[in-house]
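Nothing in this text is a laboratory measurement; each read-out follows from the coordinates by a stated rule. Because the structure is a prediction, the values reported are computed rather than measured. FYI the Cβ positions are ideal-geometry reconstructions off the backbone, even for glycines, and counts take in every protein chain you see.
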Amino acid sequence: MLNQFSRTQLLLGRDSMEKLAASRVAVFGIGGVGGYVCEALVRSGVGAFDLIDDDKVCLTNINRQIIATRKTVGQYKTEVMAERMREINPDVDIRIHKCFFLPENADEFHFEDYDYIVDAVDTVTAKLTLVMKAQELHVPIISSMGAGNKLDPTAFRVADIYKTKVCPLAKVMRIECRKRGVKKLKVVYSEEKPTRPIEDMSISCRTHCICPPGAKHKCTERRDIPGSTAFVPSVVGLIIAGEVIKDLCRT
């Protein structure tokens, strides 16, 4: 019967579509990368999601995040993303976690329920905790490396963490994963040398923070505020989504 996923089924086949519909994907970080992951996965027929993020949409997110509009500024990203996903597929099963993933709350998540984990968080500590949890429970995971301060969307590659180069975040992750005995980790990284953001204090969040009232993590607390574009994080998110779809269909 003709349905909203029919064009996808023409390429993947009925069995793959049934696998996707029965899969639960946890997306940690619903920002520039994670938002596009969710968008592509729900449009591809993935049937269940856990969305994890404690941020609210900020005015400065509008340049790159698919859920960020003037209307959604100040709203929780997980809630805005979930509403958008339900408009695409009313039957999708979504669990929202309005929190940042940290080592301290890792045990509160039901990793055994996940068929796939998408790491789109910003901090090395959270990334490493996700990797270790995934390894412990044998859940497939893919991690996004640095997407900020990049201008070339064609420079992104899919590789094992130990085969990455150039990306500073990937270098740190290689070292830390090796220390923890992690044998492999699929990542999306860029071979473009990061661009140093222009130091313009008149538009810097460092001195003009406009985070919504009640925000737990303000820009003024960040060590570094990266530059970003509309066409880099989106590409990373779509690459990740493609890998998730391929892997789920193979299982």
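Just a few scattered comments:
- In plain terms, the residue of 239, 225, 52 with the fewest other Cβ atoms within 10 Å comes first and the most crowded comes last, giving 225, 239, 52.
- For the range 13-250, share of DSSP beta bridges that run antiparallel, in % to the nearest 5: 25
- Helical mean residue ellipticity (222 nm; -39500 (n - 2.57) per DSSP H run of 4+; nearest 500) of the chain: -10000 deg cm²/dmol
- Taking other C-beta atoms within 10 Å as the exposure proxy, 154, 229, 69 rank 154, 69, 229 from fewest upward.
- Percent antiparallel among DSSP beta bridges (both partners in the range 44-174, rounded to 5): 10
- Taking each of 127/184; 183/246; 127/179; 165/246 in turn, the alpha-carbon distance tops 18 angstrom for 183/246; 165/246.
- Approximate spin-label separation residue 179-residue 124, in nm, with each point projected 7 Å along Cα-to-Cβ: 0.7
- Neighbour-count order for 138, 97, 110, fewest beta carbons within 10 angstrom listed first: 138, 110, 97
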